[in-house]
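Presented below is the structure to which this report refers.
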Amino acid sequence: MAEQKTEQKDRAPEAPKGEVIILKDKQARIILSLKSKDQEWYLSSLAKATGTTYVHACKFITACESKGLTESERRGRVKTIRLTDKGMQVADLISGIYGIVGQQQKKEQEREKAKEPEKEKRE
């Protein structure tokens, strides 16, 4: 049993599917959603807005709280979640990564579109 755990740690994690291969999509969406201060975020609304399950959002938010990225406040039975200053910095960095990757993808798409008329001319 202990051998299996060490083998799993040695393996590189798989790249998540999606446009940005550096970040895990669901976790990034949760952090970026929390960046929006237009509404108060609850676990259920956060899960729904990001297309994740309640359990996944709960586990991720718990991990973020332990790292000091988020903080929560209980109001009766309802728990609101928000980013800390540290969490806001991480959200800004994620936004920056998405921006850089998006620019690169846009350039590649423009190059492909520019090549298409050349192919038609040859035929």
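Residue count for segment 28-48 under the criterion of being part of a helix (DSSP H, G or I) and either over 21 Å from residue 93 (Cα atoms) or without any contact (Cβ under 8 Å) to a residue 12 or more places away in the chain (or both): the result is 5. The residues of segment 40-56 that are touching a helix residue (DSSP H, G or I) at 6+ places or on another chain (Cβ under 8 Å) and among the small types (Gly, Ala, Ser), listed by number, are 44, 47, 49, 51. What about residue 83, is it in contact with a strand residue (DSSP E or B) (Cβ under 9 Å, 6 or more places away or on another chain) and modelled with pLDDT of 90 or more? Considered against the rule, which asks whether it is in contact with a strand residue (DSSP E or B) (Cβ under 9 Å, 6 or more places away or on another chain) and modelled with pLDDT of 90 or more, residue 83 comes out as yes. Residues that are of a type in the set (A, V, I, L, M, F, W, C) and touching a residue at least 12 places away in the same chain (Cβ under 8 Å) within segment 62-96 comprise 64, 69, 78, 81, 83, 88, 90, 91, 94, listed in sequence order.
Residues in segment 49-61 that are in contact (Cβ under 8 Å) with a residue 12 or more places away in the chain and either under 19 Å from residue 94 (Cα atoms) or exposed (fewer than 12 other Cβ atoms within 10 Å of the Cβ) (or both): 49, 50, 51, 52, 57, 60, 61. Within segment 5-22, identify whether any single residue is at pLDDT below 95, surrounded by 10 or more Cβ atoms within 10 Å (Cβ to Cβ) and assigned to a helix (DSSP H, G or I), and answer yes or no. Scanning segment 5-22, I find no residue that is at pLDDT below 95, surrounded by 10 or more Cβ atoms within 10 Å (Cβ to Cβ) and assigned to a helix (DSSP H, G or I), so the answer is no. If the condition is being loosely packed, with under 15 Cβ neighbours inside 10 Å and within 22 Å of residue 39 (Cα to Cα), then segment 81-110 contributes 85, 86, 89, 92, 93, 95.
The values are calculated or read from the model by the stated rules, or taken from the named source; none is laboratory data. Everything numeric here is computed off the predicted structure, so don't read it as measured data. Glycine also receives a Cβ, built like all others from the backbone with ideal geometry; neighbour counts cover every protein chain displayed.
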